[in-house]
Amino acid sequence: MPVDYSLFVLQMLKYSLRVRNAWVRDLVHLMAIDYQGLVTQGLAKQISEKIRDAILEGRIQVHERLPTEEELAAKFNVSRPTIREALKRLAAQNLIRSRRGPAGGTFVNQPSREEARLMVANAAKLLVSMGAFALSDIAEARQEIELICCRLAALHRTDEQLAAMAREIEQQRDSSLTDEDFCASDVRFHRTLVEAAGNPALDFAAAGVIESLQPAVNMVIFRFRDRRKVAAQHERLHRGLKARDSDAACAALTDYMSALRRQYAKAQDARASQVSPSDQSPRSA
């Protein structure tokens, strides 16, 4: 009886196509990165930037596999340890991930929105600690961002978000609350306001101001703020949102920010009055 090789041939054709497609895909990824123009210093940094550019410009897509360490080392004409250092830099930026096993390798990562927001917030915290932003600039950015959020929150807020804001107001009225806990409650209140706007892009854009700039500034001005007034201003804002009255909510927020600007000015004046280095150093309790 003659042997039917047709199925065997078909399977071999499918296998060869898969191999060819994988080879073509890897070749495309190799060609997507600019391997030229390196200088001798800081090779790992330069290589990581070239791969990052290929990712951010879409020449290598999310979830696609990068060329192997060996292939990258050959293309960049550097050692594999240099490639590993470059990949570590990309991993630290959450741009790539590694996977072991037969189907493993290094793949382009897709950070979640929360992870990306955290990266923005951490970068902003670093800049604040280095004095990159004036308090007046922070106040202006906060007011404009939160006014937009306020108008949208009046339309989109949920009962759960209103309840969360009410809990923070109640906590802020507790005279036994520490300054640090009061500042944390203030941040949570305004964070909920941003979330209540119901706009993911705006939520992401506000991350740097609400989650990093606001806490740092709060700890600077806490000596100059009246807690009862802050809680009362938050209560007015809450009432406006509950009634879906955007004008009332925005007016309450504007009053809150005006008071905050005055507190910023007092904090800056106090800092400027510290003329001697000993006065500027932290004092023990």
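The values are calculated or read from the model by the stated rules, or taken from the named source; none is laboratory data. Remember, predicted model here, so these are calculated numbers, not experimental data. Glycine gets a Cβ as well: all are built from the backbone with ideal geometry, and neighbour counts include every protein chain shown.
Could you check Leu38 against (1) in a helix (DSSP H, G or I); (2) modelled with pLDDT under 90; (3) surrounded by 14 or more Cβ atoms within 10 Å (Cβ to Cβ); (4) over 20 Å from the mean Cα position of the chain (by Cα) and say which number it fails?
Of everything listed in (1) in a helix (DSSP H, G or I); (2) modelled with pLDDT under 90; (3) surrounded by 14 or more Cβ atoms within 10 Å (Cβ to Cβ); (4) over 20 Å from the mean Cα position of the chain (by Cα), Leu38 misses just condition (1).
Taking interchain pairs and intrachain pairs at least six residues apart, which have beta carbon atoms under 6 angstrom, with the first residue in the range 64-87 and in contact (Cβ under 8 Å) with a residue 24 or more places away in the chain and the second of a type in the set (Ser, Thr, Tyr)?
As it stands, the answer is Leu66/Thr106; Lys75/Tyr35; Phe76/Tyr35; Ala86/Ser48, since those pairs meet every condition given.
How many of the residues in the range 128-150 are assigned to a helix (DSSP H, G or I) and loosely packed, with under 15 Cβ neighbours inside 10 Å?
Step one: filter the range 128-150 for residues assigned to a helix (DSSP H, G or I), giving 128-129, 135-150.
Keeping just the survivors that are loosely packed, with under 15 Cβ neighbours inside 10 Å gives 129, 136-137, 140, 144.
Matching residues across the range 128-150 total 5.
For the range 167-201, what are the residues that are aliphatic (A, V, I, L, M) and surrounded by fewer than 16 Cβ atoms within 10 Å (Cβ to Cβ)?
Hits for the range 167-201 are Leu177, Ala201.
Just to be sure I understand, how many residues within the range 108-127 are touching an Asp or Glu at 6+ places or on another chain (Cβ under 8 Å) and not in a helix (DSSP H, G or I)?
1
Do you know which of the residues in the range 240-263 that are at pLDDT below 90 and crowded, with 20+ Cβ neighbours inside 10 Å is farthest from Gln161 (Cα to Cα)?
Among those residues, the one meeting the criterion is Gln263.
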